[in-house]
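Structure, as structure tokens:
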Amino acid sequence: MSYGDFHTARGYQLLERHKGGLTPSLEDYLEMIYRSDSQGERVRINTLATQLNVKPSSVSKMVLKLTQLGFLDYKKYGVINLTEEGREKGAYLLSRHDIISRFFELLSGEQSESTFVEIELIEHILTEETVHQIDRLTSFFEENKALKSSLKQYINR
């Protein structure tokens, strides 16, 4: 890799956006909609604004973008519904979050507020392949208690 191949963090984000990927913010909205929907909750603009600590006008803009991208079925002032594509992507986003959470718990044994923030930031920059490998590694240690114990001892020394 030459120096001409390097970019700033923002530069990499812009490259991803040009590939048609979801922005981290759109992913957060879709993940939260999926979380609520999978728990049987009816999702509306004001509910989502409260859950994400943002203004309803911001939610409206993001829901419109997700609708245009084919992830949601939404009519103004109505319930926000996931399309099949939205349900699949939302399931992946929630799974990705859970996998990274399990990995951090494996390393530290606990989840602090700062760890939660790190997970929220990190999850947006990992590829599906990297998430898959993290899942495999975490599962390996979870299934092999003696190795997990050895890992904890190693980390704590």
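The values are calculated or read from the model by the stated rules, or taken from the named source; none is laboratory data. Predicted model, so just to flag it, every value in this text is computed and none were measured. For neighbour counting, all protein chains shown are included, and Cβ atoms are generated from backbone atoms with ideal geometry for every residue, glycine included. Protein only, heavy atoms only, side chains kept; ligands, DNA and RNA dropped before computing areas. Shrake-Rupley method; radii C 1.70, N 1.55, O 1.52, S 1.80 Å.
At-a-glance table
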{"quantity": "Percent carbon-and-sulfur accessible area, region 45-99, ignoring ligands, DNA and RNA, probe 1.4 Å", "calculated": "53"}
{"quantity": "1.4 Å probe accessible area per residue over the chain, in Å²", "calculated": "66"}
{"quantity": "Net lengthening on full extension, Ala91/Lys65 (0.36 nm per residue, minus Cα-Cα)", "calculated": "7.5 nm"}
{"quantity": "Computed helical MRE - 222 nm, the chain, DSSP H runs ≥ 4 contributing -39500 (n - 2.57), nearest 500", "calculated": "-22500 deg cm²/dmol"}
{"quantity": "Region 28-157, dipole about Cα centre (Lys/Arg Cβ +1, Asp/Glu Cβ -1), debye to the nearest 20", "calculated": "340"}
{"quantity": "Region 15-88: chymotrypsin sites (Phe, Trp or Tyr not before Pro) in DSSP coil with no more than 15 other Cβ atoms inside 10 Å", "calculated": "Tyr77"}
{"quantity": "Loop GluC sites (Glu not before Pro), region 50-157 (other Cβ atoms within 10 Å of the site Cβ: 12 or fewer; DSSP)", "calculated": "Glu110"}
{"quantity": "Options Gly109, Thr23, Phe141, ranked by Cα towards positive dipole end of region 10-142, top entry (Cβ charges)", "calculated": "Thr23"}
{"quantity": "Degrees separating the helix 56-68 axis from the principal Cα axis of the chain, which is the longest one", "calculated": "90"}
{"quantity": "Between helix 24-38 and the chain: long-axis angle, C-alpha atoms, 0 to 90°, nearest 10", "calculated": "80"}
{"quantity": "Gain on full stretching of the segment that runs from Ser101 to Arg35 - 0.36 nm per residue minus C-alpha separation", "calculated": "22.2 nm"}
{"quantity": "Under the Karplus curve 6.51 cos²θ - 1.76 cosθ + 1.60, θ = phi - 60°, whole-Hz ³J(HN,Hα) for region 75-84, x wherever Gly or Pro sits", "calculated": "10, 3, 6, x, 7, 8, 10, 7, 7, 4"}
{"quantity": "At R0 = 22 Å, FRET efficiency that the Cβ-Cβ distance of Val54 and Ser112 yields, to 0.05", "calculated": "0.40"}
{"quantity": "Rg/Rg_globular for the chain, with Rg_globular taken as 2.2 N^0.38 Å and Rg from C-alpha atoms", "calculated": "1.21"}
{"quantity": "Derived scalar couplings ³J(HN,Hα) [region 111-127; Karplus, 6.51 cos²θ - 1.76 cosθ + 1.60; whole Hz; x for Gly, Pro]", "calculated": "10, 9, 4, 5, 5, 4, 5, 4, 4, 4, 7, 5, 4, 7, 9, 8, 6"}
